[in-house]
1. What are the residues in the stretch 201-225 that are surrounded by fewer than 19 Cβ atoms within 10 Å (Cβ to Cβ), over 20 Å from the mean Cα position of the chain (by Cα) and either modelled with pLDDT of 90 or more or part of a strand (DSSP E or B) (or both), if any?
2. In contact (Cβ under 8 Å) with a residue 12 or more places away in the chain and under 29 Å from Val270 (Cα atoms): is that true of Asp129 in this structure?
3. Of the residues Arg291, Arg264, which single one is modelled with pLDDT of 90 or more, among the basic types (Lys, Arg), touching a strand residue (DSSP E or B) at 6+ places or on another chain (Cβ under 8 Å) and not in a helix (DSSP H, G or I)?
4. Quick check: is even one residue across the stretch 35-45 among the β-branched types (Val, Ile, Thr), over 22 Å from His103 (Cβ atoms) and touching a Phe, Trp or Tyr at 6+ places or on another chain (Cβ under 7 Å)?
5. What number goes with the only condition from (1) closer than 27 Å to Ala299 by Cβ; (2) hydrophobic (A, V, I, L, M, F, W, C); (3) touching a Cys at 6+ places or on another chain (Cβ under 9 Å) that Ala186 does not pass?
6. If I filter the stretch 92-109 for residues that are modelled with pLDDT of 90 or more, surrounded by 19 or more Cβ atoms within 10 Å (Cβ to Cβ) and hydroxyl-bearing (Ser, Thr, Tyr), do I get at least one hit?
7. Taking the condition touching a Phe, Trp or Tyr at 6+ places or on another chain (Cβ under 7 Å), at pLDDT 80 or above and assigned to a helix (DSSP H, G or I), does Val281 pass?
8. Looking at (1) loosely packed, with under 15 Cβ neighbours inside 10 Å; (2) within 30 Å of Tyr39 (Cα to Cα); (3) free of Cβ contacts under 8 Å to residues at least 40 places away in the same chain, can you tell me which one Ser117 breaks?
Amino acid sequence: MEQHGVVSRAQLLDLGLSRGWIANHVRSGRWQRVHAGVYATHTGELTFESRVQAALLALGPDAVASHRTAAFLLGLCDDEPSRLAICVPDPQHSKAPDGVTVHRVEALASRRHPSRSLAVTTVEDTVLDLVHCSDREDDVVGWVTRACQRRLTTPARIEAAAGRRRRMRHRALMVEVLADVRDGAASPLERRYLRDVERAHALPRGRRGERTTTRGRTRYSDVRYSRYRTRVELEGLAYHPDDERERDNARDNDGALRGDATLRYGWGPVAGSACQVAAEVAALLSRQGWRGSPQGCRAGCPVGTALNPVDPHQI
C-alpha cells in the first residue's frame, strides 16, 4: 500500500526489524521522526499527503482524514490547511499529535471513502462535517454548492448521507440549500439572489448557467431571462484576474450584440439591498417585454415603483 514515504514502528517490527535498527536510522539522519512511533523514510520537507499519512499512523488503523483536510484531498477546497483534522472511532482515546485536531466519531467506518489510498471521509460526509462546524449561513451554502458545482457529488447523495446522521447542525438550512442547488444556484451569492430577489418579489424564473459559444469560447450566464433578453451577472468576492475580466467583457459585448441587456451585482446590493435590486431587475424586464407584476416582499418594499424607467448607468 502507498504510504507516501511514511512508516510506523509497529509496521517495521512486524517486518522483523529491531528497535535498535530503527533508532540507528533516525540518529544517522537517514530517517526523521514525525510523531511518536512514526517515521519518514527520507530527509527534507514532508508533502501534505505524507503529513496526513503520518497522522493517520499515529492515531491507529481506524483513523480517517476529515473536515478541511479531507476537503483539500478531495478537491473540495484549494487551500492546504495548516492544521490537520483526523477522525477516530468513539470511544477510542488517542492523544492528538502536534498540528493535528482529533474528532471522535461513532460509526466512522461507514464514512470512509471506499477507493482512496489515503484514509479519508467521503465527499458527502466531508461536506456534512464542514456544514456542522460552520457558524455562518453563507459558509453552509458555500460548502454544499461548491461540492455540487465541482461535480464531486449530487444533492441526492448529500441528502442520503445526512439521513444517516442522528445529530447535525444546520440540517433545515442544508435541505433548503440543496433544493436551491437543484434549481441552479451555484454559489452563496446566486442562492441569495434566487431567494431574496427573484422568489421574494415574484419575478420570472431565470435560467441558471445558460451556455453560449462565441468565437470558439464557451461561456455561462449566471441568470438569464431568455424570453426577455435580459441577463443578471453576479460577482462574488473572489478576485477576477485580467483574463477572466476580459472573458466577462466579451460575454457581455456578445450579449449586447444579440440584443441582451445586462445588470451586474455584487454581494453588497444583493445581501444589503435585495428589494432595490429586485426593483431594478423588474423595471428592466418590463422594458424588455415582461407583462407580469412584481410583488413587494414587505411593507415599504420599493418594488412597487419597479416599473419606473431604469437608470441607463445601471444597464
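The values are calculated or read from the model by the stated rules, or taken from the named source; none is laboratory data. Since we're looking at a predicted model, the values are computed, not measured. Positions of Cβ are generated from backbone atoms using ideal geometry, with glycine treated the same way; all protein chains shown enter the neighbour counts.
1. Ala202, Pro204, Arg205, Arg207, Glu210, Arg211, Thr212, Thr213, Thr214, Arg217, Thr218, Arg219
2. Criteria met by Asp129.
3. The unique qualifying residue is Arg264.
4. First, pick out the residues of the stretch 35-45 that are among the β-branched types (Val, Ile, Thr): 38, 41, 43.
Restricting the remaining residues to those that are over 22 Å from His103 (Cβ atoms) gives 41, 43.
Narrowing further to those that are touching a Phe, Trp or Tyr at 6+ places or on another chain (Cβ under 7 Å): 41.
Yes, the stretch 35-45 contains at least one residue that is among the β-branched types (Val, Ile, Thr), over 22 Å from His103 (Cβ atoms) and touching a Phe, Trp or Tyr at 6+ places or on another chain (Cβ under 7 Å).
5. (1)
6. No, the stretch 92-109 contains no residue that is modelled with pLDDT of 90 or more, surrounded by 19 or more Cβ atoms within 10 Å (Cβ to Cβ) and hydroxyl-bearing (Ser, Thr, Tyr).
7. For Val281, the condition - touching a Phe, Trp or Tyr at 6+ places or on another chain (Cβ under 7 Å), at pLDDT 80 or above and assigned to a helix (DSSP H, G or I) - is not met.
8. So the condition that Ser117 fails would be (3).
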